[in-house]
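Here's the structure, in structure tokens; my notes come after.
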Amino acid sequence: MEDEEQTTNNKVKTVDANNQQSGKKRKKQKEVAIFGNYRNYYTYRIDQGLEEDPRIKIMKKEWFEGKTCLDIGCNSGLITITIAKNFGCQKILGVDIDSARIEDAHWNLRKIVKMSESKKQHSGDSLSHLFDIVSFKKDNFVQSWSTPGEKYDTILCLSVTKWVHLNWGDEGLITLFSKVWRLLQPGGVFILEPQPWTSYVSNRQVSEVAATNYKMLEIFPENFQEILLDKIGFREIENLSASLSGSKTGFNRPVLALWK
């Protein structure tokens with residue numbers, strides 16, 4: 001009996017060891033996000049030691065202060081919340097295709113407000129007003145977004161175009177740009193961060209749909225500015241990237257401001 005018990009214990013230990021090793025292998029597997037909906041996206045982008053996304057530094061307060069704003073592809077909402085906190089939006093809505101990322105965004109909002117409440121007794125500052133300013137919504141902006149009569153002063157679309165392009169092709173990209181144009185107030189600003197073609201190449205196999213669309217694309221990122229100005233109808237464009245620093249290698253992308 002002793003030998004049988006020892007043999008059983010050894011088998012259990014072997015199974016546990018194999019499970020642990022398997023778990024380690026699973027942890028090392030790269031996260032697959034066919035819509036760019038990575039769980040820890042913002043930690044990928046920011047260099048260690050920086051508390052804030054460097055893209056915030058190139059945003060201008062007048063684009064947001066007292067304005068109604070929309071953040072397309074908001075992921076976990078950190079950019080959305082920071083813009084509301086730093087620039088005093090009247091309202092800002094973050095929309096993302098992934099319900100899990102929207103849950104993360106709500107969690108981040110509660111966490112940031114709670115942290116401000118704990119510091120309130122020392123600094124006198126509270127961010128509880130953010131609950132009235134910031135909101136999040138799960139939706140597919142390209143395929144199902146419909147808000148009759150809704151208009152925005154400022155719309156952000158940061159590192160989203162590649163995922164729209166790979167999932168819905170050239171038609172999806174034009175739909176994105178056209179919807180943004182219709183939703184903007186006259187004189188409104190569209191802040192766009194398109195991914196370069198090299199990024200498409202790296203992600204073209206993320207799904208069968210992406211692989212198929214990749215081969216059929218006829219519009220390329222270097223054509224975006226011409227399309228936005230000549231076909232969509234934006235009247236003015238400014239490249240904000242010259243002053244952008246602090247992004248990790250691979251995220252040095254142009255950030256454009258376009259006016260309706």
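Give a residue-ordered list of calculated ³J(HN,Hα) values for the stretch 142-158 (Karplus: 6.51 cos²θ - 1.76 cosθ + 1.60, θ = phi - 60°; whole Hz; x for Gly, Pro).
With coefficients 6.51, -1.76 and 1.60, one gets 6, 9, 10, 5, 8, 9, x, x, 6, 9, 10, 7, 9, 10, 9, 8, 9 Hz.
Can you list residues from other chains, or at least 5 along the same chain, whose modelled amide H is less than 5 Å from the amide H of Glu193?
Residues meeting the criterion, in which the H sits 1.01 Å from N, are Cys157, Leu158, Ser159, Val160, Leu256.
Check which residues have an amide H placed less than 5 Å from Gly188's amide H, if you skip close sequence neighbours.
HN-HN under 5 Å from Gly188: Lys260.
Ranked from highest to lowest mean number of other Cβ atoms within 10 Å per residue, what is the order of the peptides 142-154, 57-69?
On the way: 142-154: 13.6, 57-69: 16.5.
Result, highest mean first: 57-69, 142-154.
Between Asp71 and residues 5 or more places away or on another chain, which pairs have amide H atoms under 5 Å apart, with H built 1.01 Å from N, and which residues are they?
Sorted by chain and number, the residues that satisfy this are Leu93, Gly94, Val95, Leu156.
Tell me, what HN-Hα J-couplings in whole Hz come from the Karplus equation 6.51 cos²θ - 1.76 cosθ + 1.60 at θ = phi - 60° for each residue of the stretch 183-200, using x for Gly and Pro?
Here the 3J(HN,Hα) series is 7, 7, 5, x, x, x, 10, 10, 9, 10, 10, x, 6, x, 4, 4, 6, 4 Hz.
Charges on Cβ only, +1 for Lys and Arg, -1 for Asp and Glu, centred on the Cα centroid of the stretch 36-259; of Asn86, Pro221, Leu256, which one is farthest towards the dipole's positive end?
Toward the positive end, the furthest listed residue is Asn86.
Quick note: the coordinates plus some simple rules give every number you see, no bench work behind them. The shown structure was predicted, so the numbers you read here are calculated from the model rather than taken from an experiment. Every residue, glycine among them, receives a Cβ derived from its backbone with ideal geometry; neighbour counts consider all protein chains shown.
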